[in-house]
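**Q** Pasting a structure here, questions to come.
Every number here is computed from the coordinates shown, using simple stated rules; none is lab data. Predicted model only: the values in this text are computed from it and were never measured. Cβ: placed from backbone, ideal geometry, glycine included. Neighbour counts: every protein chain shown.
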Amino acid sequence: MSKLHYVAIARLYGYVHTHCEVHKTYDVAVASLVESFSLNSTDTGRLKRDGHLEPQQRKVSYRYYDITECYCSRPEQHTES
Ligand SMILES: [Zn+2]
């Protein structure tokens, strides 16, 4: 059984902790970040294509998003503080 999971990260300005989620599929990880941070269609397309996004909008408070593959045996560790 594959341990593959996707770790979705959003690093925010002004926050000590990074927003971190674990998802079973890439598409779900993208959709979750889009939903959580109300990404526009341009940013959504870039995130989905690249697995990485540095939004251009100045008004928002985030620095970048990342979605990475991970094969560790303890997916829950990513969301433990
Ligand atoms: Zn992992």
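**Q** About the Cα centre of the chain, what is the dipole size in debye to 20, counting +1 per Lys and Arg Cβ and -1 per Asp and Glu Cβ, all else neutral?
**A** Around 180 debye, computed over the chain.
**Q** Please report the net charge: other residues with Cβ closer than 13 Å to the Cβ of Leu47, K and R +1, D and E -1. Mind showing how you got there, number by number?
**A** Details: positive: Arg46, Lys48, Arg49; negative: Asp27, Glu35, Asp43, Asp50, Glu54, Asp66.
Charge balance in the 13 Å sphere: -3.
**Q** For His19, which sequence-distant residues (separation of 5 or more, or a different chain) have an amide H within less than 5 Å of its own amide H, given hydrogens modelled in the peptide plane?
**A** Here Ala10, Leu12 satisfy the definition.
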